[in-house]
């Protein structure tokens, strides 16, 4: 059945023409010449004063990248990208690294203020209860401008800083873990990122520590003709826990800008990482002009036994999204989760999903994906669930629903389900009525219609995770969650 | 960036490419169609895992050598080939026999309103329906069908006149036989005119363990309100690399039921391409596959809803996998922008009986219309312990309980066949498979004293 009016209105409210974060900040920028050569890679590494091994690693990636070709298997179409017509590094001009917020260009602070991102610790303290505090790493084009609450986190033993700082202060940790989840040659964009990554966050949670506050990174692309190549690395040692959030926006520009990030998560025994994203890059205008190309490789490695990684994503932005946050369930008893809501509008193209790779015994995973396409957009869910021969008793439950608004858009589902052991139980379910007969019966017994009950169960399920996002990030998400499932198709 | 890489041809690809120019002259009729189909193949080569539609069945690896295209068998060879018992023997009101892709015999009386012409004869002498061969444009094209089109030797053109109800099944028996492995390319076109009712059953049989390479194709064109049912039984030779394609073009308010039962063959792939060209048609496409040893079976399906109202499609694929066998289900429902009110439901269920069995499921949806109901479900796992326990607690042995569960599991797919004797034959074949399995298990089991 077609979508209900309420849903249509809600989706319209976040249409591409309503993009709120399209302003441009005028700051003097420092950038090398356009284009990508070995010199560009050397320049970036030198600017960041990196150790020699890091430069070698980057150069190796660059050489390999030159031998690779762009992937074409995703259901997205765009004109060929001229990789020589991009600035690979753009940093606000300043004299040395800012020692405190007062040294940061006020224009940049202003930009974050407009975006509603609190960068001053006292401001955050003033209005909010301490348990709701969020530490923020603010990345502006190619550099991290500021990371808040570093001192307080350090007391708990938590390292939270930009990856550039981590390379200065904890090179041994970075060297030990970088590229171990997403290998240098994993794919075209990951290799490119390995060569030219600029900034991103580094998080290290020591053994047994529950991170005292939410950590977050806010990515802002501002300069035109630039690409942003962020690199994030999160390590949760034995028995630790961290919740990490990521937000992103960009100004309204006529040209397409490239964002090619790599995010690596590592959990050791009994550790848990909760990674949430509200992706709101500029989607381009109603005719498909401009917008961010979001080609991202995100992967978590449940290395230890009984560890857990959960990905939550709310995708509303980007002209093109190409993103598959994945979990490698290596440790016995580890668990991966993926909750996604992807809304496409205008001329947006989304090809997103997840991979759950079961390698260890008794591993479990759950995938809940909702895709909503409107306008002339194309929204594809592409997911892989696989069980290795040794992954005995692996379990997966997948539910992906899509909803179309209008008949000029498309919704597609491309799941791959590969089972190599008879003890694995994989269920891929696309009919909304079969979530849990018991819960459904319970709700209906209390007077809810089957549809209301279904919506309540699925939404309640996703809400559980999303409600843990701080309000700054959650507004958009909450709005989307309330969209009913009515009329959805598998 | 990097230069375009010229693919290195495998021995089989080179052989096929070398063979075509010489064969072209001797193969009858439709030169342009053959030429185009061959060009499509030559450009792409044999599909590998890197070709999305063949991701789980690496034909290039499975077909290292291209077996020679079988020549027309002589009388002695025909006698040997047809000697064996065909499970579907006696079921057809009329039965056409093919040996190595060549028509060799027709038994039974032609029902009123039905005309059957061997394809070789039609190709050589002309036939009004020749232009309908290969007429259905597939959404993605297909390499197996292209190969069949390029090399088709013989087969049949079946015409069922308007409003005719054929009293009993038309049976086609394909046997691949020979002292060495051969390739075959049979092609059947069935045009069921408006309002006709017809059932077509095919059995594909192969003797011995030779690595024959049959590649067959059946095209069904169903006129408005026609009711067509189709059963295909795959009993290829143990070493066979067998490809088969069904294409169906459905007119308004037609009904199609197609059930494929795959039991034998080393590497088999059955593909169905169904297009809802007219509004409000209905199709039920099923598969029942039982695999053991190192068998590999692929069921590929593309259902395209291309008219409004989009009609109803139901797909049910059941796969049983034992030993080190592997099963594949790739299904795709496409709903074109104007095909509103489409109701599509696709299910693939697999039961893995052994630790080393593998199942690959890829149930896809591609939807461009907003007022549709489409769903897919895919499950795989072991036999349900609770059901097993229930049966065993009632005094049924474990082996027997498993057999009961397996038979009813694949039976759910077979039972859509609206012809009791044929349904019974297929059930019996499933029971034979189960008996063979029990014998294997007994041989392996340690003797209890």
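If the condition is being surrounded by fewer than 19 Cβ atoms within 10 Å (Cβ to Cβ) and on the phi < 0 side of the Ramachandran plot, then the stretch B:88-113 contributes B:89, B:93, B:105, B:106, B:107, B:109, B:110, B:111, B:112. For the stretch B:197-208, check the following and say yes or no: at least one residue is farther than 13 Å from residue B:101 by Cα, at pLDDT 95 or above and in contact with a helix residue (DSSP H, G or I) (Cβ under 9 Å, 6 or more places away or on another chain). Taking every residue of the stretch B:197-208 in turn, at least one turns out to be farther than 13 Å from residue B:101 by Cα, at pLDDT 95 or above and in contact with a helix residue (DSSP H, G or I) (Cβ under 9 Å, 6 or more places away or on another chain). When we screen A:98, A:79, A:118, A:51 for residues that are in contact with a helix residue (DSSP H, G or I) (Cβ under 7 Å, 6 or more places away or on another chain) and modelled with pLDDT under 90, the only hit is A:118.
Considering only residues that are assigned to a loop (DSSP other than H, G, I, E, B) and in contact with a helix residue (DSSP H, G or I) (Cβ under 8 Å, 6 or more places away or on another chain), which ones fall in the stretch B:100-121?
Across the stretch B:100-121, the qualifying residue is only B:100.
Residue count for the stretch A:22-41, restricted to those that are without any contact (Cβ under 8 Å) to a residue 60 or more places away in the chain and outside any loop (DSSP other than H, G, I, E, B): 2. When A:264, A:272, A:230, A:238 are checked against the criterion of being crowded, with 24+ Cβ neighbours inside 10 Å and at negative phi, a single residue qualifies: A:230.
Pairing each residue of the stretch B:379-391 that is over 22 Å from residue A:399 (Cα atoms) and within 10 Å of chain A (Cβ to nearest Cβ) with any residue that is at pLDDT 90 or above and surrounded by 14 or more Cβ atoms within 10 Å (Cβ to Cβ), provided the two are 6+ apart or on different chains, yields C-beta distances under 9 Å for B:383/B:351; B:383/B:352; B:383/B:353; B:383/B:401; B:383/B:402; B:383/B:405; B:383/B:406; B:383/B:409.
What residue, of A:440, A:403, A:384, is surrounded by fewer than 21 Cβ atoms within 10 Å (Cβ to Cβ) and either facing chain B (nearest Cβ under 9 Å) or at pLDDT below 90 (or both)? Among A:440, A:403, A:384, only A:440 is surrounded by fewer than 21 Cβ atoms within 10 Å (Cβ to Cβ) and either facing chain B (nearest Cβ under 9 Å) or at pLDDT below 90 (or both). Any residue at all in the stretch A:322-336 that's buried (at least 23 other Cβ atoms within 10 Å of the Cβ) and touching a helix residue (DSSP H, G or I) at 6+ places or on another chain (Cβ under 6 Å)? No: the stretch A:322-336 contains no residue that is buried (at least 23 other Cβ atoms within 10 Å of the Cβ) and touching a helix residue (DSSP H, G or I) at 6+ places or on another chain (Cβ under 6 Å). Considering only the stretch B:327-355, state which residues are surrounded by fewer than 24 Cβ atoms within 10 Å (Cβ to Cβ), over 17 Å from residue B:283 (Cα atoms) and touching a residue at least 12 places away in the same chain (Cβ under 8 Å). Selection gives B:337, B:338, B:349, B:353, B:354.
Inside the stretch B:122-139, can you point out the residues that are out of contact with any strand residue (DSSP E or B) (no Cβ under 7 Å at 6 or more places or on another chain) and either part of a loop (DSSP other than H, G, I, E, B) or in contact (Cβ under 8 Å) with a residue 12 or more places away in the chain (or both)? Those that are out of contact with any strand residue (DSSP E or B) (no Cβ under 7 Å at 6 or more places or on another chain) and either part of a loop (DSSP other than H, G, I, E, B) or in contact (Cβ under 8 Å) with a residue 12 or more places away in the chain (or both): B:123, B:124, B:126, B:128, B:130, B:134, B:135, B:137.
Only one of B:373, B:358 is closer than 30 Å to residue B:276 by Cα and over 19 Å from the mean Cα position of the chain (by Cα). Can you tell me which?
B:373
One residue stands out among those in the stretch A:387-400 that are under 22 Å from residue B:296 (Cα atoms) and buried (at least 21 other Cβ atoms within 10 Å of the Cβ): the one that is nearest to the other protein chains (Cβ to nearest Cβ), which is A:387.
For the stretch A:406-422, filtering for residues that are within 7 Å of chain B (Cβ to nearest Cβ), touching a strand residue (DSSP E or B) at 6+ places or on another chain (Cβ under 8 Å) and either within 14 Å of residue A:369 (Cα to Cα) or assigned to a loop (DSSP other than H, G, I, E, B) (or both) leaves 8.
The values are calculated or read from the model by the stated rules, or taken from the named source; none is laboratory data. Everything quoted here is computed from the prediction, not taken from an experiment. Glycine also receives a Cβ, built like all others from the backbone with ideal geometry; neighbour counts cover every protein chain displayed.
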